[in-house]
Amino acid sequence: MIPYIGNGPLIFWLYPIFGVRGATWFLGVSEWSFGALLFLGFWNKKLGILAALGSCATFVCTATIIPFIPDGWAASAGGFPAMTEHVAFLMKDIVLLSVSVYLLRQDVAKVLLATGQNHDADACVLSR
């Protein structure tokens, strides 16, 4: 985790504040918490909104590491877009960010529909 967190422009501050072990625990606990809230969001859409916002923030922070990771692009293959395993590991965060944005949109639309604040919400709500 050291090359990832240490080179992340949005999460580099975790090491000076929490140390190596504390930063790893902080990220792990926050990601597991947002995962549990996403699961609970299936029944409670307001928890789903909170979880989707948290996971969006988490995946934005981790996806911004990609351009800054040392030796992230395989020089032997000509550099960008040939990635090394470090960048490949982080590419999943791009997909997970997209899923989080989708879930956020769906949960917000369902909450608005349930409260009657948006009459067009049923047009954009797709079944989960």
**Request:** Among the residues of segment 48-68, count how many are surrounded by fewer than 17 Cβ atoms within 10 Å (Cβ to Cβ), of a type in the set (Gly, Ala, Ser) and in contact (Cβ under 8 Å) with a residue 24 or more places away in the chain.
**Result:** 0
**Asked** Residues of segment 32-47 being surrounded by 15 or more Cβ atoms within 10 Å (Cβ to Cβ) and either touching a residue at least 60 places away in the same chain (Cβ under 8 Å) or within 12 Å of the chain's Cα centre (by Cα) (or both), which ones?
**Response** Phe34, Leu38, Gly41, Lys45
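Of all residues being loosely packed, with under 15 Cβ neighbours inside 10 Å and of a type in the set (A, V, I, L, M, F, W, C) in segment 69-88, which is farthest from Asn7 (Cα to Cα)? Just the residue, please.
At the first step, the residues of segment 69-88 found to be loosely packed, with under 15 Cβ neighbours inside 10 Å are 70-71, 75-82, 85, 88.
Now narrow it down to the ones that are of a type in the set (A, V, I, L, M, F, W, C): 75, 77, 80, 82, 88.
Working: Ala75: 19, Ala77: 23, Phe80: 18, Ala82: 20, Ala88: 16 Å.
Per the stated criteria, the residue is Ala77.
No lab work stands behind these numbers, since they all come straight from the coordinates. All values derive from a computational prediction rather than experimental measurement. Positions of Cβ are generated from backbone atoms using ideal geometry, with glycine treated the same way; all protein chains shown enter the neighbour counts.
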